[in-house]
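The structure appears right after this line, and notes come after that.
The values are calculated or read from the model by the stated rules, or taken from the named source; none is laboratory data. What you see is a predicted model, and the numbers here were worked out from it, not measured in a lab. In this analysis, Cβ positions are derived from the backbone assuming ideal geometry, glycine residues included, and neighbour counts consider all displayed protein chains.
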């Protein structure tokens, strides 16, 4: 009997969306940070509230997919820093389960 055949074997709770190889060459420290960010957003989603969070831009598509899987409206806006190339940060705005966006975002402004 293998470990995966046991009833008490660890199971995947939710996909990480990293099977495309995009993170193969990622520095291990950054990979840890991205994973911690993913876990934090997952926990906030479990609270059932609308929220705004600043995230790493390379994590944006993964985090948006997690929100969509949980049937939450989500908007992600890159944060452009003057003098830098591609954005390294983004603003993630997530609605509550009823579809209400955070109050700070309903008028289109943060």
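Under the condition of being assigned to a loop (DSSP other than H, G, I, E, B), closer than 17 Å to residue 41 by Cβ and either in contact with a strand residue (DSSP E or B) (Cβ under 7 Å, 6 or more places away or on another chain) or at pLDDT below 95 (or both), the residues counted in the range 96-109 number 2.
Going through the range 42-60 one residue at a time, which ones are exposed (fewer than 13 other Cβ atoms within 10 Å of the Cβ), under 23 Å from residue 30 (Cα atoms) and in contact (Cβ under 8 Å) with a residue 24 or more places away in the chain?
If the condition is that a residue be exposed (fewer than 13 other Cβ atoms within 10 Å of the Cβ), under 23 Å from residue 30 (Cα atoms) and in contact (Cβ under 8 Å) with a residue 24 or more places away in the chain, then 54 is the only one that fits.
Taking the range 66-95, which residues are assigned to a strand (DSSP E or B), under 12 Å from the mean Cα position of the chain (by Cα) and free of Cβ contacts under 8 Å to residues at least 24 places away in the same chain?
Restricting attention to the range 66-95, the residues satisfying the condition of being assigned to a strand (DSSP E or B) are 74-79, 89-94.
The next check asks that each one be under 12 Å from the mean Cα position of the chain (by Cα); those that pass are 74-76, 90-94.
Across the range 66-95, the qualifying residues are 74, 76.
The rows are residues; the columns are (1) modelled with pLDDT under 75; (2) more than 22 Å from residue 91 (Cβ to Cβ); (3) touching a strand residue (DSSP E or B) at 6+ places or on another chain (Cβ under 6 Å); (4) part of a helix (DSSP H, G or I).
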| residue | (1), (2), (3), (4) |
| --- | --- |
| 12 | yes, yes, no, no |
| 18 | yes, yes, no, no |
| 21 | yes, yes, no, no |
| 25 | yes, yes, no, no |
| 29 | no, yes, no, yes |
| 39 | no, no, no, yes |
| 42 | no, no, no, yes |
